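The values are calculated or read from the model by the stated rules, or taken from the named source; none is laboratory data. Remember, predicted model here, so these are calculated numbers, not experimental data. Because the Cβ atoms are built from the backbone with ideal geometry, glycine has one as well, and the counts that use them run over all protein chains shown. To get the accessible areas, we keep the full protein, side chains included, count just its heavy atoms, and leave off ligands, DNA and RNA. Shrake-Rupley method; radii C 1.70, N 1.55, O 1.52, S 1.80 Å.
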Amino acid sequence: MTTQPAPVPHTAKGTTDALSPAWQRRLALSGVAFVPFFVVGWITSVANNPHYTASDQDWTNWAHDNQTKGRISSFAMLLAAFLFLHFIAAIRSTLEAAESWTRGSLQLARVAFAGGLIGIAGTTMAFVSIANASAEGADANPAVSKAVTTSTAGPFLVGAVGFAALLLSVGVLTLRSGVFSRWTGFVALIGGICFLITLLTVLNNTGNGSSFGYAFFPALLSLVIWTVATSIARYRATAM
């Protein structure tokens with residue numbers, strides 16, 4: 001399937017857009033640029049840490065083995081977050097423009113924007129915190145590493161709430177208004193539902209061995225696919 005160009009909202013009468021078309025196109029592609037950094041940060045993440053009941057030696061070995069990977073993951077995720085902020089700002093006006101076609105779209109666009117900010121902030125904080133838990137390598141205090149990694153469940157779940165709000169809102173908005181290709185709306189809805197499923201881990205040992213935690217993979221995959229598709233659609237619209 002091909003991604004249809006998203007419509008470019010018109011600037012209100014009497015105002016001027018501070019950004020040139022060339023810069024609008026660059027910002028539109030920030031979603032594409034976000035993906036490789038996000039994937040690198042995700043793949044190199046040292047989130048596969050020992051169980052919190054593991055021995056201190058296991059935690060020390062984990063920190064030693066993952067010191068470099070953690071730093072790479074942390075740096076990549078920070079760059080990804082920087083680019084995602086530009087992306088979500090670039091498509092905000094496109095989502096809000098759907099208000100002229102579908103009643104209530106403006107509210108959904110605002111929820112999507114806020115959800116994107118919360119989602120990327122929480123997820124980045126979680127990945128960076130895990131990386132910092134192994135930053136000292138073999139010299140890391142196992143008690144500190146254990147406490148830091150255990151506490152990242154909070155940011156991860158807050159991030160899941162934000163991304164769920166983002167994807168569910170844009171999914172409904174896309175299917176109702178056609179602001180983006182319909183298939184991206186279905187991808188967004190699947191991702192949003194998967195993010196909501198991960199919240200159930202709080203009922204089952206906060207994700208430590210919980211089967212609900214497996215929903216995080218398809219959720220992140222849906223987020224990546226949706227981001228690339230809508231970023232390209234926005235770029236094509238600004239190039240017209």
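Results, tabulated for the structure shown:
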| quantity | calculated |
| --- | --- |
| Answer from 168, 175, 189, 196 - the residue that is open to solvent by 60 Å² or more (accessible area, probe 1.4 Å), under 30 Å from residue 90 (Cα atoms) and either touching a helix residue (DSSP H, G or I) at 6+ places or on another chain (Cβ under 6 Å) or of a type in the set (Gly, Ala, Ser) (or both) | 196 |
| Failed condition for residue 179, given (1) closer than 15 Å to residue 227 by Cα; (2) assigned to a helix (DSSP H, G or I); (3) among the β-branched types (Val, Ile, Thr) | (2) |
| Checklist (1) at pLDDT 80 or above; (2) farther than 30 Å from residue 141 by Cβ; (3) in contact with a Pro (Cβ under 9 Å, 6 or more places away or on another chain); (4) of a type in the set (Ser, Thr, Tyr) applied to residue 100, failing item | (1) |
| Boolean, residue 222 is over 24 Å from residue 75 (Cβ atoms), of a type in the set (S, T, N, Q) and at pLDDT 90 or above | yes |
| Neighbours by Cβ (under 6 Å, 6+ apart or cross-chain): first from the stretch 110-124, over 17 Å from residue 151 (Cα atoms) and open to solvent by less than 10 Å² (accessible area, probe 1.4 Å); second polar (S, T, N, Q) and assigned to a helix (DSSP H, G or I) | 112/169 |
| Cross-chain or 6+ apart pairs with Cβ under 6 Å, the stretch 139-153 first and closer than 11 Å to residue 62 by Cα and touching a residue at least 24 places away in the same chain (Cβ under 8 Å), then among the polar types (S, T, N, Q) and open to solvent by less than 70 Å² (accessible area, probe 1.4 Å) | 142/60 |
| Single match in 206, 238 (criterion: on the phi > 0 side of the Ramachandran plot, at pLDDT below 90 and assigned to a helix (DSSP H, G or I)) | 206 |
| Criterion violated by residue 27 - all others in (1) open to solvent by less than 20 Å² (accessible area, probe 1.4 Å); (2) modelled with pLDDT under 85; (3) hydrophobic (A, V, I, L, M, F, W, C) satisfied | (1) |
| One residue from 192, 162, 178 being at positive phi and of a type outside the set (S, T, N, Q) | 178 |
